[in-house]
Amino acid sequence: MGACEFSHLIASKKKVYDVYSDLVDEAHYAHGHDPYNGTISTTNGVTQINCPHKYGTKAFEDWTETLFERMAKRECYVAEVKLPANTAKKVRWWFNLTGAKGVKFYYFIGLAAE
């Protein structure tokens, strides 16, 4: 079986591991419990890492490519990221968190089993 790259940018007031759990639950609901469904639900947990770059920059893109090259199937990482103001506004709107306090932006990246 192969591996499938995935990434998710999430805005939430929840703790990072609760967000991961929600993403896994959503993937199970949408794609079933197949251990090779190609979603975040096929990963073996999540590891929190630091992101040295602002989301959306060339340096950020290079950083994500390096992560993909080094990770193994079923690995998942998450970093709290800083977003440009206009992007943050859009992401807050998308997650219905416009005007909410305590919102964090998480970037999940990994290799799912398929």
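Any read-out appearing in this document is the output of simple, stated calculations on the displayed coordinates, not a laboratory observation. Computed from a predicted model, the values in this text were never measured in an experiment. Every residue, glycine among them, receives a Cβ derived from its backbone with ideal geometry; neighbour counts consider all protein chains shown.
Table: residues versus (1) among the aliphatic types (A, V, I, L, M); (2) surrounded by fewer than 19 Cβ atoms within 10 Å (Cβ to Cβ); (3) in contact with an Asp or Glu (Cβ under 7 Å, 6 or more places away or on another chain).
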{"residue": "Glu5", "(1), (2), (3)": "no, yes, no"}
{"residue": "His8", "(1), (2), (3)": "no, yes, no"}
{"residue": "Tyr20", "(1), (2), (3)": "no, no, no"}
{"residue": "Val24", "(1), (2), (3)": "yes, yes, no"}
{"residue": "Tyr29", "(1), (2), (3)": "no, yes, no"}
{"residue": "Pro35", "(1), (2), (3)": "no, yes, no"}
{"residue": "Ile49", "(1), (2), (3)": "yes, yes, no"}
{"residue": "Tyr55", "(1), (2), (3)": "no, no, no"}
{"residue": "Ala59", "(1), (2), (3)": "yes, yes, no"}
The one condition Asn50 fails out of (1) of a type outside the set (A, V, I, L, M); (2) within 26 Å of Gly2 (Cβ to Cβ); (3) in a loop (DSSP other than H, G, I, E, B) is (2)
For the stretch 56-88 the number of residues that are more than 12 Å from the chain's Cα centre (by Cα) and hydroxyl-bearing (Ser, Thr, Tyr) is 3
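Per-residue answers, yes or no, for (1) assigned to a loop (DSSP other than H, G, I, E, B); (2) without any contact (Cβ under 8 Å) to a residue 12 or more places away in the chain:
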site: His33; (1), (2): yes, yes
site: Asn37; (1), (2): yes, no
site: Ser41; (1), (2): no, no
site: Gly45; (1), (2): yes, no
site: Gly56; (1), (2): yes, no
site: Ala59; (1), (2): no, yes
site: Asp62; (1), (2): no, yes
site: Leu67; (1), (2): no, no
site: Val78; (1), (2): no, no
What about Ala72, is it farther than 15 Å from Cys51 by Cβ and in contact with a Leu (Cβ under 8 Å, 6 or more places away or on another chain)? yes
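Among the candidates Val46, Val81, single out the residue that is under 13 Å from Leu9 (Cα atoms), in contact with a Cys (Cβ under 9 Å, 6 or more places away or on another chain) and among the hydrophobic types (A, V, I, L, M, F, W, C). Let's see the steps before the verdict.
On the way: Val46 fails: under 13 Å from Leu9 (Cα atoms).
Only one candidate qualifies: Val81.
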Check on Arg74, on the phi > 0 side of the Ramachandran plot, touching a residue at least 12 places away in the same chain (Cβ under 8 Å) and touching a strand residue (DSSP E or B) at 6+ places or on another chain (Cβ under 7 Å): yes
